1. For the range 92-103, name all the residues that are crowded, with 20+ Cβ neighbours inside 10 Å and either farther than 21 Å from residue 181 by Cα or within 15 Å of the ligand (Cβ to nearest atom) (or both).
2. Which ones in the range 1-16 are closer than 26 Å to residue 144 by Cα and outside any loop (DSSP other than H, G, I, E, B)?
3. What's the total number of residues in the range 121-140 that are surrounded by fewer than 20 Cβ atoms within 10 Å (Cβ to Cβ) and more than 12 Å from the ligand (Cβ to nearest atom)?
4. Can you tell me how many residues in the range 18-77 are closer than 30 Å to residue 193 by Cα, part of a helix (DSSP H, G or I) and within 16 Å of the ligand (Cβ to nearest atom)?
5. Would you mind stating whether residue 108 is more than 20 Å from the chain's Cα centre (by Cα), surrounded by fewer than 24 Cβ atoms within 10 Å (Cβ to Cβ) and within 16 Å of the ligand (Cβ to nearest atom)?
6. Going by what's in this entry, would residue 17 be described as at pLDDT below 95, surrounded by fewer than 21 Cβ atoms within 10 Å (Cβ to Cβ) and within 20 Å of residue 188 (Cα to Cα)?
7. If I filter the range 182-201 down to residues being in a helix (DSSP H, G or I) and within 27 Å of residue 130 (Cα to Cα), which single residue comes out as farthest from the ligand (Cβ to nearest atom)?
8. With the structure loaded, tell me whether residue 82 is within 16 Å of the ligand (Cβ to nearest atom), free of Cβ contacts under 8 Å to residues at least 40 places away in the same chain, crowded, with 19+ Cβ neighbours inside 10 Å and under 19 Å from residue 184 (Cα atoms) or whether it fails that test.
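The values are calculated or read from the model by the stated rules, or taken from the named source; none is laboratory data. Keep in mind that this is a model prediction, so the values were computed, not measured. Backbone-built Cβ (ideal geometry, glycine too); neighbour counts: all protein chains shown.
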Ligand code: G3P
């Protein structure tokens, strides 16, 4: 399973990249606005920090403008994955950019039927939003399981990029459900290492080691 970090903060990306924890990055207009920085400059910086796909989202909603924006974004670096919305125009843009060999991430997916359309449009990634479905009392993880089954039934190569991940438990469940990628905020990825019994055990070992009076070095 691949981990992407869902952020536009380059310091967090550099940190996680140095730890060998991430395989790519996802951004969206909200994360770019939060960073307060120039969109294309940030994407160029991120693309230098990681080798894997870096999702950069178009801003327009109509085919003609989205395709122009997508081509501009794709020129920033070879590892840019252009992010387009799951609309009819977005799917047309997906098909056209994929024909040019550009990676495409189809975003704002909330149903298995939407995911099926994205795969048929040749998407590199489909982004089902787990947390936002949970927010409205639906089952985000069930969507991941449904897409996995459908893609496996027909041999679609589109990767399931589970997004809108809010908890460490979401990551565990995504891994069990067979998502290809999980994208999550830096804090959640780092938090995966934490367990109270690890901390407790470490304290006990340190105390017992001190009793031996020995030194390894
Ligand atoms: O990048 C899209 C997604 O991860 C957004 O998450 O928490 O705003 O629903 P969230």
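1. Of everything in the range 92-103, those that are crowded, with 20+ Cβ neighbours inside 10 Å and either farther than 21 Å from residue 181 by Cα or within 15 Å of the ligand (Cβ to nearest atom) (or both) turn out to be 93, 97.
2. Scanning the range 1-16 gives 2, 3, 4, 5, 6, 13, 16.
3. 4
4. Looking only at that region, the number is 10.
5. It is false that residue 108 is more than 20 Å from the chain's Cα centre (by Cα), surrounded by fewer than 24 Cβ atoms within 10 Å (Cβ to Cβ) and within 16 Å of the ligand (Cβ to nearest atom).
6. Taking the combined requirement at face value, the residue satisfies it.
7. Result: 196.
8. Answer is yes for this residue.
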